[in-house]
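A.B. asks: Sharing a structure, written as structure tokens. Questions coming.
The values are calculated or read from the model by the stated rules, or taken from the named source; none is laboratory data. Quick caveat: nothing in here was measured; it's all calculated off a predicted structure. Glycine also receives a Cβ, built like all others from the backbone with ideal geometry; neighbour counts cover every protein chain displayed. Just the protein is used for accessible areas: all its heavy atoms, side chains included, with ligands, DNA and RNA removed. Shrake-Rupley method; radii C 1.70, N 1.55, O 1.52, S 1.80 Å.
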Amino acid sequence: MKNKVIFLTDIQSFYASVEKVRDHSLKDKPVIVAGDPERRSGIVLAACPLAKKFGITTAETLGSAKLKCPHVEVVRPHMQLYIDVSIQLGKIMEQFTDLVEPFSIDEQFMDVTGSQRIFGHQFEMAKKLQMKILNDIGVYSRIGIGPNKVLAKMACDNFAKKNKVGIFRLDENNIDRLWELPIEKTLGVGKKMGKHLRGMGISTIGGLAKFPVELLKKRWGINGEVLWQTANGIDYSPVTVKTHNQQKAVGHHMTLPRDYTKIEDIKIVLLELCTEVARRCRKKGYMGVTISCSVRGADFDYPTGFNRQVTLPVPTNYDLDIFQAAYKLLIKYWDREPIRSLGVSLSHLQPSHQYQIDLFDNYLYREQLNTALDKIWDKYGRTAIYRASSITSAGQAHERAYKIGGHYK
């Protein structure tokens with residue numbers, strides 16, 4: 001593992017950078033990419049470095065951003081364009097190594113251990129990769145280097161993003177620099193976990209690295225050991241191109257345009273989500289037995305919600321089966337506080353052409369109905385047919401049919 005050379009390549013202000021390439025008139029202007037300003041989803045998705053100098057941050061409201069920088073250029077997201085550019089980035093990286101693993105839309109791991117014989121020393125190769133991305137696509141990349149994925153990621157986030165060259169290596173020789181950082185800078189530690197750790201007297205990554213691992217395991221089980229290993233730069237997971245090929249679950253999540261407080265309205269959105277999950281499962285050739293329902297409350301300062309699941313006796317890819325199970329979870333665990341987001345997923349998947357049937361259920365009728373619906377959607381689009389409940393003010397199916405990732409294409 002010590003001899004491995006892993007890159008984590010991240011694109012600076014990805015959405016905003018792509019927009020500046022798309023529209024050259026934005027080149028020297030502060031730019032933010034944001035959702036619909038007329039709705040509560042009007043938040044900053046990305047801010048370019050010039051906009052960040054005014055104090056604008058990701059996830060703040062559009063109104064707040066404009067107060068900080070009245071002349072900021074606001075661009076609506078173009079999600080299909082970002083997906084296309086992400087694919088282009090992957091193809092560039094594959095020119096350096098065949099071991100490329102997507103981590104997010106703008107971050108990818110690369111195992112370049114064997115590529116040094118062709119492209120030179122790791123720092124020289126990183127610079128060549130940077131220039132190739134800049135020349136071919138026009139966006140600036142930062143590259144974290146390490147002997148494993150954890151250290152490469154933390155090298156990028158905490159050091160490469162902050163130095164002039166945009167490249168930094170983190171390993172056992174300089175891990176003490178990582179240990180000086182606040183505990184919240186640990187990969188996988190958010191505000192809530194950071195608060196718990198500080199309550200235990202752990203305020204830095206170094207403090208976590210030197211904390212007795214048995215005590216962490218006693219409190220958080222295997223997750224406690226993972227945190228300790230992360231702080232110590234230990235990671236045995238390989239860079240693999242197969243990570244996203246073997247699907248483990250099919251899900252759909254929606255951030256609502258307003259607070260939903262009535263169960264009648266929530267049911268409509270929940271059914272829409274279940275219909276979409278079922279459609280995606282059938283399209284991919286899957287059925288599943290475990291249904292998960294997740295809810296997040298509307299109060300961001302004091303977040304509430306739940307994520308619960310239930311296992312069915314037989315596999316399904318029928319929307320009403322999924323809905324009935326998800327609705328029972330909702331009724332049981334919802335605290336009746338306003339809801340801001342809702343999600344449904346189907347897991348423990350298996351091929352749909354070989355499954356156990358319920359002798360007391362008219363599955364043939366449902367298969368025929370599903371086939372008819374899928375043919376209509378494939379030929380005429382997602383707005384061709386949907387339930388009447390989606391026409392109500394609570395329904396979101398019609399509008400979201402024109403979006404990717406919750407944003408217009």
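A.B. asks: P(r) for the range 176-232, please, calculated from all Cα pair distances in 10 Å bins and given in %.
C.D. replies: All Cα pairs, binned at 10 Å, distribute as 28, 65, 8 percent.
A.B. asks: On the accessible surface of the range 1-171, probed at 1.4 Å, how many percent belong to carbon and sulfur atoms? Before the final figure, lay out each step's value.
C.D. replies: Values: 4290 of 7810 Å².
Using a 1.4 Å probe with all protein chains present, the range 1-171 comes out at 55 percent carbon and sulfur.
A.B. asks: Keeping all protein chains in the complex and leaving out DNA, RNA and ligands, what accessible area do you get for V239 with a 1.4 Å probe, in Å² to the nearest 10?
C.D. replies: Accessible area of V239: about 10 Å².
A.B. asks: Once label points are set 7 Å from the Cα along Cα→Cβ at both R308 and Q80, what is their separation, rounded to one decimal in nm?
C.D. replies: Between R308 and Q80, the simple spin-label model gives 4.0 nm.
A.B. asks: Can you give me the solvent accessible area of K328 with a 1.4 Å probe, rounded to the nearest 10 Å²?
C.D. replies: Near enough 150 Å² of accessible area.
A.B. asks: Show me the ranking of peptides 128-140, 45-57 by mean Cβ neighbours inside 10 Å, starting with the highest. Provide the component values of the computation, followed by the final result.
C.D. replies: On the way: 128-140: 15.6, 45-57: 19.2.
Highest to lowest by the protection proxy: 45-57, 128-140.
A.B. asks: Determine which residues of the range 43-60 fall in the zone a paramagnetic label at S104 would reach in this model, i.e. backbone nitrogen under 16 Å from the point 7 Å along Cα→Cβ.
C.D. replies: Output list for this probe position: 44-49, 57-60.
A.B. asks: In whole Hz, with x marking every Gly and Pro, tabulate ³J(HN,Hα) for the range 343-351 from phi via Karplus 6.51 cos²θ - 1.76 cosθ + 1.60, θ = phi - 60°.
C.D. replies: x, 9, 9, 10, 10, 6, 7, 8, x
A.B. asks: Report the charge-dipole magnitude of the range 176-232 in Debye, nearest 20, computed about the Cα centre from +1 at each Lys and Arg Cβ and -1 at each Asp and Glu Cβ.
C.D. replies: Values: 10 positive and 5 negative charges, 52 e Å.
So the dipole magnitude of the range 176-232 works out to roughly 260 debye.
A.B. asks: Two-decimal Rg/Rh of the range 1-171 from alpha-carbon positions, Kirkwood Rh? Please report the intermediate quantities before stating the final value.
C.D. replies: Working: Rg = 16.8 Å, Rh = 16.7 Å.
Ratio of gyration radius to Kirkwood radius for the range 1-171: 1.01.
A.B. asks: Once you charge only the Cβ atoms, +1 for Lys and Arg and -1 for Asp and Glu, what is the size of the charge dipole of the range 199-357 about its Cα centre, to the nearest 20 debye? It would help to have the intermediate numbers written out before the result.
C.D. replies: Numbers: 20 positive and 14 negative charges, 74 e Å.
Value, rounded to 20: 360 debye.
A.B. asks: Using the Cβ atoms and a cut-off under 14 Å, what net charge is assigned to the surroundings of K210, where Lys and Arg are +1 and Asp and Glu are -1? Working shown, then result.
C.D. replies: On the way: positive: none; negative: D176, E180, E214.
So the environment of K210 carries a net charge of -3.
A.B. asks: So, one more: Before rounding to the nearest 500, sum -39500 (n - 2.57) across all DSSP H runs of length at least 4 in the chain and divide by the residue total; then give [θ] at 222 nm in deg cm²/dmol. Display every interim value, and only then the final one.
C.D. replies: Working: 16 runs with 157 residues, N = 409.
Value at 222 nm, helices only: -11000 deg cm²/dmol.
A.B. asks: Still on this model: By how many degrees, 0 to 90 and rounded to 10, does the Cα axis of helix 319-333 deviate from the longest principal axis of the chain?
C.D. replies: 70
A.B. asks: When you have a sec, figure out the Kirkwood radius of the chain from all distinct Cα pair distances and drop it here in Å to one decimal?
C.D. replies: On the way: mean 1/r = 0.0418 Å⁻¹.
Over the chain, the inverse of the mean reciprocal pair distance is 23.9 Å.
A.B. asks: So if R0 is 41 Å, what FRET efficiency would E94 and F54 give, r being the distance between their Cβ atoms, rounded to the nearest 0.05? The partial results should precede the final answer.
C.D. replies: Details: r = 37 Å, r/R0 = 0.91.
So the FRET efficiency works out to roughly 0.65.
A.B. asks: Can you sort T61, T230 by solvent-accessible area, 1.4 Å probe, largest first? Working shown, then result.
C.D. replies: Details: T61 75, T230 10 Å².
Result of the area sort, largest leading: T61, T230.
A.B. asks: Continuing with this model, one more query. Past 23 Å, Cα to Cα: identify those pairs from K127/K161; K4/K192; K192/K218; K284/K375, in the order given.
C.D. replies: Details: K127/K161 14 Å; K4/K192 33 Å; K192/K218 18 Å; K284/K375 14 Å.
In this structure, K4/K192 exceed 23 Å between Cα atoms.
A.B. asks: Would you mind telling me the share, in percent, of accessible area of the range 287-339 contributed by carbon and sulfur at probe 1.4 angstrom? Mind showing how you got there, number by number?
C.D. replies: On the way: 1430 of 2780 Å².
Whole-percent figure for carbon plus sulfur exposure: 52.
A.B. asks: With a 1.4 Å probe and all protein chains left in place, how much accessible area per residue does the chain have, in Å²? Please report the intermediate quantities before stating the final value.
C.D. replies: Values: 21640 Å² over 409 residues.
It amounts to 53 Å² per residue over the chain.
A.B. asks: How big is the accessible area of D111 in square angstrom, nearest 10, if you roll a 1.4 angstrom probe over the protein chains?
C.D. replies: That residue has around 10 Å² of solvent-accessible surface.
A.B. asks: Further question on the same structure: Among Q324, V314, L62, flag the residue with its Cα farthest along the positive direction of the charge dipole of the chain, charges on Cβ as +1 for Lys/Arg and -1 for Asp/Glu.
C.D. replies: L62
A.B. asks: With +1 on each Lys and Arg Cβ and -1 on each Asp and Glu Cβ, and nothing else charged, work out how big the dipole of the chain is about its Cα centre, in Debye to the nearest 20.
C.D. replies: Charge dipole of the chain: 540 debye, to the nearest 20.
A.B. asks: Under a 10 Å cutoff between Cα atoms, tell me which one of S104, S86, S115 has the largest fluctuation in the Gaussian network model of the chain.
C.D. replies: Comparing S104, S86, S115 in a Gaussian network model of the chain, the most mobile one is S104.
A.B. asks: Right, here's the next one. With the cut-off at 1.5 for a/c, could you classify the range 111-266 from its C-alpha gyration tensor as rounded, prolate or oblate? Please list the in-between numbers first.
C.D. replies: Numbers: a/c = 1.86, a/b = 1.21, b/c = 1.54.
Note, shape of the range 111-266 comes out oblate.
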